[in-house]
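To keep things clear, I will list the structure first and then write my remarks on it.
A short reminder: the numbers here are calculations on the coordinates, not readings from a lab. On a predicted model such as this, the values are computed, not experimentally measured, just so you know. All Cβ positions, even for glycine, are placed from backbone atoms using ideal geometry, and neighbour counts span all protein chains on display.
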Amino acid sequence: MITVTNFKGGTFTLNAMYIEKVEALPDTTITLVNGKKYFVKETEAEVSKLSQSFYKKIGMFPWHQQVGEVNGK
């Protein structure tokens, strides 16, 4: 789970495993696999770092090495 900030200043927790993509449009937009979108104050890079930290914490980063994929192959 990652904690992000909405534009009213409140924070909320999001399950990073459901994130499909993160874009700067120019506001940072997080799109989940179900199509729901969230607009947050954090930058695209910050959301990426938060997600990577989450995956490291649960032992799934770098996941591709855990399933036998090395160097993008």
Practice problem: Provide the gained length on full extension for the span E23 to S53, in nm with one decimal, where the gain is 0.36 nm per separating residue minus the Cα-Cα distance. | Solution: 8.9 nm
Quiz item: Taking other Cβ within 10 Å of each residue's Cβ, how do I2, I30 sort, fewest first?
Solution: I2, I30
